[in-house]
1. Please express the Cα-Cα pair-distance distribution P(r) of the stretch B:106-176 as a list of whole percents, one per 5 Å bin, running from 0 to the bin with the greatest distance.
2. Please work out the Cα convex hull volume for the protein assembly as shown and give it in Å³ per residue.
3. With the dipole of chain A worked out from charges on the C-beta (+1 for Lys and Arg, -1 for Asp and Glu) around the Cα centre, which of A:262, A:133, A:100 lies farthest toward the positive end?
4. If the only charges are +1 at each Lys and Arg Cβ and -1 at each Asp and Glu Cβ, what is the size of the charge dipole of the stretch A:1-155 around the Cα centre, to the nearest 20 debye?
5. Under a point spin-label approximation (7 Å from Cα along Cα-to-Cβ), what is the residue B:66-residue B:184 distance to one decimal in nm?
6. Can you show me the helix-derived [θ] at 222 nm for the protein assembly as shown, built from DSSP H runs with n ≥ 4 at -39,500 (n - 2.57) apiece and divided by the number of residues, rounded to the nearest 500.
7. Tell me, what is the Rg over Rh of chain A, with Rh the Kirkwood radius over Cα pairs?
8. Around residue A:19, under 13 Å between beta carbons, what's the net of Lys plus Arg minus Asp minus Glu among the other residues?
Amino acid sequence: MDASRLIFGTGVSSSKDYDSLKQVIFAAVERGILAFDTAPSYGTEEGLGRIFKELSHEMGIDRERLFIQTKIDAWQMQESDGNVYKHAESAMKKLGVSYLDSLLIHWPVPEYFDRTWECLVELKNDGIVRKTGICNIRFRHLEKYAECGGLPDVVQIERNPLRTCEKEIVFCHEHGIEVQAYSPLCKMDERIRDSEILKEVSQKYGKSLGQTVLRWHIDTGVTPVFTSKKLERVREYAGIFDFKLSREDMALVASLNIDYKMYLESMACPGL
Amino acid sequence: MSGIINKVKNHKKAAALLVLFLMIIAVFVISGMYLPAAVIMAVSVANELTVRKMNRQKAPFGTYSKIRNADCLVIGDISPKAAQNLSGSDKTVSIYLPGCTLAGAYEVLRHTFSILKEDGGQAMLVVRKKNIDKTGYSPFEISFFHAVTINRLELDNSEYLLRLPILFTPIKSLMILAGTRGVKSATGLCDKEISAFCEERGFTGEILEV
């Protein structure tokens, strides 16, 4: 079992109520998922901090075994004019940790990006942050950052069978950048849910559609950031490490690509 | 949790406003002042319809919209039907901004260009000649703005503008409701900043002065 290659997200679709969040996180940890993703705008940092303490007391899961990732939101970049140290500190305080495994820029608002990125690099140099990253960027941004010599350790993008992001993934793999996929199941859009191709591939491996898609992410070198409010779903999604898709089946899943994105980057990050 | 609290607060606010509104109408009706009562009611209905139309324009850009990878995005002082004719493509998304300035249309483009297909998309900004160099943003532009933009542009009264467009921009609101703004002739304009913006993002940008 290698569930460390799955990240449990606590974003828009996750439980916000403390007790439900605790239940799903405990279920995830029981299945070996030890990586968690949050952001100030999700409103889960504080709750997660409490849950991590309880994990340590009740299950003996130390901080070192966990992977904790949070983000700097657009309003924080603006409010501090890119000097986001205090926001990183506040996130660590809420999460009850002395360092972050990964800190990402949620939406790289152009006006405040450069200074924010400098701060993240400084936080990494100071050992406060282990990995730095950027969410919601495209191939053209990566090319630009490469020219300036400032590539991130992690990139988190919306990726699923309807949007395979080939160019971004090839670039990231070539440059040793970890790719994380948010909305990895595209909220089970009907074009995924009702896809005959996906149904056939899933049946072949005796797995559910969600498991097959998550496995496709892993087999294509991408870490899915998934979420669910349901315990059984968390358990189901953790069970994807006893099979592997063949090259042909990976290509079949990717054949669903229509460059569909749920979140329009420019709406959340004007001028991106 | 805070989201739920906000929703409850918003519902309470809306209910309080509705009660206040009904009370004002009642006062006028009881005092036999039917004309002011009728005017207030008509303005309220027109405002509600304007807000709905304004929000409907944003629907294609929402998370659950299936409209993506458009060939053409037409933004500006042109009604949806005329925009469709102008672009000549079935996969056209249009945003009608009556009386908009070039700065306003460009800011809306900065917020919406991701709806265009990755390579080869086209954006058209349509602005009336008299408004090209003017400044300011109407509720119809602001409704597309991110909180970060609203702060950057210091649009402190945006909340009121978005709630009561008919009071702040009555003519533009009526134009949105009518939705019949056409284009007789158009002249292409050049703007270095806008051209560079579009080129960098892989689509072509055209500014049409009408």
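1. 3, 13, 22, 22, 21, 13, 5, 2, 0
2. 169
3. Farthest towards the positive pole: A:262.
4. 220
5. 4.1
6. Helices in the protein assembly as shown give a 222 nm mean residue ellipticity of -14500 deg cm²/dmol.
7. My calculation puts Rg/Rh at 0.95.
8. Within the 13 Å Cβ shell, the charges total +2.
The values are calculated or read from the model by the stated rules, or taken from the named source; none is laboratory data. Here the structure is a predicted model, which means the values were calculated and not measured. Glycine also receives a Cβ, built like all others from the backbone with ideal geometry; neighbour counts cover every protein chain displayed. With ligands, DNA and RNA removed, areas are computed over all heavy atoms of the protein, side chains included. Shrake-Rupley method; radii C 1.70, N 1.55, O 1.52, S 1.80 Å.
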